[in-house]
Amino acid sequence: MSTTDPMSVLQSLAPWVPDDAEELTLARAQCDRARAAESGACAERVRRPARRVRWLVAAAAVAGIGVGAVLWPGPGQSAFASWTPTATVATSDQVDAAQMRCDTALAGATEQIAADEEKFGVRLPNAPTSAAQLAGRTALLAEQRGDFTFVLSTNGMWTVGCLAAPGMSQAMTEATTVDLSLHPATLTPDGIDTLGAGSEGVTDGASAALAYGRVGADVTAVDVTAVDGRIVHATVIGGYWSAWWPAAPDELMGDAQVMVRLVDGTSLSAGTLDRLNDSSTTRR
């Protein structure tokens, strides 16, 4: 891989990666330097609603598989055909298989991130630079939707959200990381936030939207209404939630509406995923 341009590989393996990803990274670097100088002159175009920085995801796509080893569903099959709006609890075997694929991707991804940060001279948020930073994680939440297992794990300093289909494809693994120091320590009893939110694309032209985060002590359920009207019942376990759904490639997932149900039986609107994403992160 050392002789291959990683951006070209990413664009061929992960169609959702924007063509201007490298330009965006440089813009973020300029923005950080501007903040450090207190000039406030940051390019508006570096803001992408309802997304966390996705460099780990991109690097994982390169590190986790070799070019030509992609095993997608056959012609005419949607990668997400098995998806269900209500998840089941993933078994221990499903969790272990997903975590193994996730850790394999992460091992190489952190090395790539470290190289990218050195190259561009910028500290990327939510981007660990060594596998040791992610060691010692335990699963907080694990759900199964068709062939896909989603696992949210943490070591108290970082969380990893991993979506994988080990029995379906060697390539369909998506890993994102979150630095918990960038988030408030606690939520209000009826509160909800996002730790990760973004869209994923696969080579058959299908795409999916994924979001996960935390909920307050009084929240018992979370429903997400996508822009096409479908209702996705999130998994809520131990103060965390997750939901994902097939989406049109041009779907504005940030416009999806989030509703929480509380222990007293009432329901509250939490607004859009964009709103949750914008309000849940604090800067260092």
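Laboratory data are not the source of any read-out in this text; all were calculated from the coordinates shown. Predicted model, so just to flag it, every value in this text is computed and none were measured. Every residue, glycine as well, gets a Cβ built from its backbone with ideal geometry; the counts of neighbours run over all protein chains shown.
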Give the distance, in whole Å, between the Cα centre of region 210-272 and the Cα centre of region 141-165. 16
Test of understanding: ordering Glu111, Glu200, Glu143 by Cβ neighbours within 10 Å, fewest first, what list do you get? Glu111, Glu200, Glu143
Between the modelled labels at Asp96 and Arg275 (7 Å from Cα along Cα→Cβ) the distance in nm is 4.4
Contour excess over end-to-end distance, with Cα ends at Val263 and Ala217 and 0.36 nm allotted per residue: 15.7 nm
Looking at the square roots a ≥ b ≥ c of the eigenvalues of the Cα gyration tensor of region 79-121, which shape do they give, rounded for a/c under 1.5, prolate if a/b is larger than b/c, or oblate? prolate
Please list the three semi-axes, largest first and in whole Å, of the ellipsoid equivalent to region 88-150, using sqrt of 5 times the eigenvalues of its alpha carbon gyration tensor. 29, 11, 10
With +1 assigned to the C-beta of every Lys and Arg and -1 to the C-beta of every Asp and Glu, and no other charges, what is the dipole magnitude of region 140-284 about the Cα centre in debye, to the nearest 20? 360
Report the calculated FRET efficiency for Val89 and Ser130 (r = Cβ-Cβ distance, R0 = 41 Å), to the nearest 0.05. 0.80
Whole-Hz ³J(HN,Hα) for each residue in region 224-231, computed from phi via Karplus 6.51 cos²θ - 1.76 cosθ + 1.60 with θ = phi - 60°, x for glycine and proline: what do you get? 10, 9, 5, 5, 8, x, 5, 9
Fewest-first ranking of Met100, Met259, using other Cβ atoms within 10 Å as the exposure measure: Met100, Met259
Sorted by Cβ neighbour density within 10 Å, fewest at the top, the residues Phe148, Phe120, Phe80: Phe120, Phe80, Phe148
